[in-house]
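Here is the structure we will look at, set down as structure tokens.
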Amino acid sequence: MGRRTAPPPISWLMQAALSRPNLISLAAGFTDNASLPVAEARALLNEILRSPGSGRPALQYGVTAGDTTLRRLTARHLQRLDGVGAHDKNHSPERLLITSGSQQLLYMTVEALGNDGDIVLVEDPTYFVFLSILQSRGLRARAVRLERDGLDLAHLESVLQSLQRKGELLRVKLLYLVGYFQNPTGITTSFAKKCGIVSLLKKFERAAGHPIYLLEDAAYRGLRFAGKDVPSALAVRGAAERVIYAGTYSKPFATGARVGYGILPEPLFTTVLRIKGNHDFGTSNLLQQLTSRALASGAYNRHLTRLKKRYAHKARVMKQALQKHFPSAVEWWEPAGGIYFWARLPKNASTGVKSKIFQSALKNDVLYVPGELCYADDPTRRKPDHEMRISFGSASENDIREGIKRLGAVLRKLV
Ligand SMILES: Cc1ncc(COP(=O)(O)O)c(C=O)c1O
């Protein structure tokens with residue numbers, strides 16, 4: 001496993017950023033630095049550490065599943081978002097596990113379900129760190145085409161049929177979906193598509209002979225700045241025992257605290273809890289307490305309201321810069337939340353790490369994530385390499401304007 005665990009695809013991109021002091025990175029998936037809740041976190045930590053009575057439990061080990069209050073508050077938050085009652089089984093705190101970033105939940109789910117050579121269905125393109133998990137654990141990815149409102153259901157069905165014909169359905173364990181403001185394309189899956197996915201997986205699991213789970217990664221759900229929230233797959237009728245939900249407080253609150261969570265049906269909940277026992281037997285108690293107090297005091301909601309305005313503004317700045325500087329041959333998708341725009345060049349243009357466009361962008365001190373890094377190694381199709389992920393998450397407004405101007409100049413010359 002050690003040998004097949006490759007370096008993360010963007011580690012050298014980040015190194016390139018470090019070695020060029022004037023480089024503007026529109027590549028990083030970091031959150032907005034200027035609005036991290038320093039004062040709020042200081043006040044809450046002071047409260048926690050003010051007396052031995054509240055300080056000691058925060059500085060002591062906790063239980064593997066996580067702080068009871070945080071589990072309850074998180075479950076209630078999800079119940080409200082999904083418009084279900086407090087007794088809905090799918091949203092119960094009993095099924096909710098606090099994790100060290102939602103990344104840990106993604107990893108543990110793959111660890112629990114995947115044997116060597118098993119297959120995970122992924123969106124095409126998808127979150128590249130998830131692809132690294134699959135590669136490291138010896139699993140295969142099969143890519144399902146993406147439309148502007150989520151997976152192409154006809155293609156999902158044909159991929160499942162083709163796996164069935166080849167006798168490989170029994171290797172399919174999971175479908176991984178980044179449901180909100182997807183990393184990297186910024187698109188959000190409609191509720192109708194979630195219903196369609198659940199019913200297709202159910203249809204094929206009869207032939208598979210075991211459950212095929214849907215793992216919905218909702219990392220960016222809280223960061224909507226336009227339109228209305230879409231209920232999660234947990235709210236799909238009949239999805240009860242098949243949906244795993246990964247959420248996080250990293251993106252909407254204190255990114256560096258890395259407090260995440262997952263909802264899992266049995267028997268997966270128990271298995272993943274045991275695996276977490278082996279990983280770390282509990283997420284940092286101090287940081288869970290910080291998060292829990294932020295939720296209970298209203299500091300979390302106040303912060304999120306401000307943060308969403310800030311991202312809405314930065315997205316507008318990026319959109320105006322794209323309109324001004326990108327050639328018309330480049331199509332780009334505007335998100336209603338999250339931190340990413342997705343740009344698509346004509347198919348004959350290449351944005352890959354060895355391409356003229358990428359090298360010229362680097363020479364002109366601007367960095368993006370080449371789209372090819374977000375595509376799984378799926379032998380049934382050619383990997384597209386004419387796209388780019390551009391993020392307004394961590395760059396300042398000025399850097400967004402200047403970065404897009406530099407990138408636009410490169411594209412005008414080379415597209
Ligand atoms: C789609 C997606 N899922 C999960 C994560 C992990 O976030 P965290 O572990 O901080 O919750 C990220 C981080 O960038 C992400 O983009």
Too-long pairs where the Cα-Cα distance tops 32 Å, listed order kept, from K89/K276; K202/K354; K276/K314: K202/K354; K276/K314
Efficiency of FRET between R237 and K383 - r from beta-carbon atoms, R0 35 angstrom, step 0.05: 0.45
Net length gained if the chain between R145 and Q323 were fully extended (0.36 nm per residue, minus Cα distance): 61.4 nm
Peptides ranked, highest mean first, by Cβ atoms within 10 Å: ranges 90-102, 118-130, 171-183, 274-286: 171-183, 118-130, 90-102, 274-286
Accessible surface of region 74-169 [probe 1.4 Å, protein heavy atoms]: carbon and sulfur percent: 46 percent
Per residue accessible area in Å² of the chain, where ligands, DNA and RNA are left out and the probe is 1.4 Å: 43 Å²
In Hz, Karplus ³J(HN,Hα) per residue of region 343-353 (6.51, -1.76, 1.60; θ = phi - 60°; x = Gly, Pro): 10, 10, 8, x, 4, 7, 8, 10, 10, x, 4
Two-decimal ratio, region 218-268, of alpha-carbon radius of gyration to 2.2 N^0.38 Å: 1.31
Potential lengthening between F281 and K228 on full extension [0.36 nm per residue; Cα-Cα distance subtracted]: 15.4 nm
Cα gyration tensor category, rounded, prolate or oblate, for region 121-168 with a/c compared to 1.5: oblate
Under-5 Å amide H pairs with I244, H placed in peptide plane, nonlocal only: L214, L215, E216
Within the chain, percent of DSSP bridges classed antiparallel, to nearest 5: 50 percent
Relative packing of 29-38, 53-62, 400-409, which averages over residues the other C-beta atoms within 10 Å, highest first: 400-409, 29-38, 53-62
Whichever aspartates and glutamates have a C-alpha closer than 17 Å to that of K194, once near sequence neighbours (fewer than 8 apart) are set aside: D82, E123, D124, E147, D149, D152, E157, E205, E216, D217, D229, E241
Selection from S35, G408, I339, by position along the positive dipole direction of the chain (Cβ): G408
T69-T270 pseudo-label distance in nm [points 7 Å out on the Cα-to-Cβ vector]: 3.1 nm
Phi-based couplings in Hz for region 240-245 (Karplus 6.51, -1.76, 1.60; Gly and Pro marked x): 2, 9, 10, 9, 10, 10
Prolate/oblate/rounded label for region 278-403 (Cα gyration tensor, a/c 1.5): oblate
Positive-end residue of V369, C195, G277, charge dipole of the chain with Cβ unit charges: V369
Taking the C-alpha atoms of the chain, convex hull volume expressed per residue in Å³: 142 Å³
Of all accessible heavy-atom area on region 8-54, the percent that carbon and sulfur account for (1.4 Å): 61 percent
Positive dipole terminus of region 257-415, leading residue within G262, H325, S292 (C-beta point charges): H325
Principal axis box of region 11-157, alpha-carbon based, largest edge first, Å: 56, 52, 32
DSSP-defined antiparallel bridges as percent of all bridges, region 196-312, nearest 5: 50 percent
Theoretical ellipticity at 222 nm over the chain - DSSP helices of four or more residues, -39500 (n - 2.57) apiece, nearest 500: -13500 deg cm²/dmol
Given charges at beta-carbon only (K, R positive; D, E negative), |dipole| of the chain in Debye: 640 debye
Per-q log10 I(q)/I(0), region 1-76, q = 0.20, 0.26 Å⁻¹ (Debye; single scatterer per alpha-carbon; no solvent): -0.95, -1.23
Estimated FRET transfer efficiency when R0 is 25 angstrom, pair R76-E331 (beta carbons, to 0.05): 0.05
Rounded to the nearest 20 debye, dipole of region 267-415 from Cβ charges on Lys, Arg, Asp, Glu: 440 debye
In order through region 178-190: 3J(HN,Hα) via Karplus (6.51 cos²θ - 1.76 cosθ + 1.60), integer Hz, x for Gly, Pro: 9, x, 10, 6, 3, 8, x, 8, x, 7, 10, 6, 6
Overall form of region 209-325 per C-alpha gyration tensor (a/c, 1.5; a/b vs b/c): oblate
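The values are calculated or read from the model by the stated rules, or taken from the named source; none is laboratory data. Note that the structure is predicted; figures quoted are calculated from it, not measured. Positions of Cβ are generated from backbone atoms using ideal geometry, with glycine treated the same way; all protein chains shown enter the neighbour counts. Surface areas here come from the heavy atoms of the whole protein model, side chains and all, with no ligands, DNA or RNA. Shrake-Rupley method; radii C 1.70, N 1.55, O 1.52, S 1.80 Å.
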